[in-house]
Amino acid sequence: MAADMDALKQTGSALTQPDAAVLRRAKRGDQRAFAVIVHGYERLVFTYVYRLVDDRRLAEDLTQDVFLKVFRGLPGFTGDSAFTTWLFQIAKNAVIDELRAIERRPNALNIDDVAMPMLVEPRFEQAEPIEALWAAVALLNVDLRTALLLRDIVGLSYHEIADSLEITLATVKWRIHKARESVQTTLEHEGFGHARQALIETDAAPDES
């Protein structure tokens, strides 16, 4: 079980930033340098997007779209924020735009219900702890899920999440606390209380800048 938990969480330190020289070359249009950046962040972006849309093909398309927007936007990236903050702001906007488009389509599901089809009771009954954990995360509304994924999966600091989501630091802390609390409650209700520490961090963790 410990290996599953390690696979789910990437917390404890800020997400690594790209090499400054590589970033400078990528900003000048160097495709090899940009490929290095894509290689470094593509998996995290895909995981983040996939856990929000619950559709592998759509997540793959959105991930490509995110990096296309990053490539086009790099010349104008000023460095006022961390590169990863900017990157996941683009990813968040791409997901939200897509979910809104889905909502506008005839017979569309509610935006908060996009990930729901996987969450039937038999899945919990037969699930391994890691699967039950992801199912509990998928039950969260988009706002809570986004904040939780950026913290516990991507590894952004609270301040970086606030910048990426364009919300206050207090709102970030509340959303993450509420998300962890909800996941814990769901896991305990479904008989997976022993797995809750896989995603639930202690609120005593120091603030990050």
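Of note:
- Here the Karplus curve 6.51 cos²θ - 1.76 cosθ + 1.60, taken at θ = phi - 60°, turns the phi angles of the range 138-145 into couplings of 5, 6, 5, 5, 4, 4, 5, 5 Hz, with x standing for Gly and Pro.
- Stretching Arg43 away from Gln17 to a fully extended chain increases their span by 7.9 nm, per 0.36 nm per residue minus the current alpha-carbon distance.
- Spin-label model, His177 to Arg28: label points 7 Å out along the Cα-to-beta-carbon direction sit 4.8 nm apart.
Since every read-out is calculated from the coordinates, none of them should be taken as a lab result. Fair warning: this is a prediction, and the values are worked out from it, not measured in the lab. Counting neighbours? That spans all protein chains shown, and the Cβs are built from the backbone with ideal geometry, glycine included.
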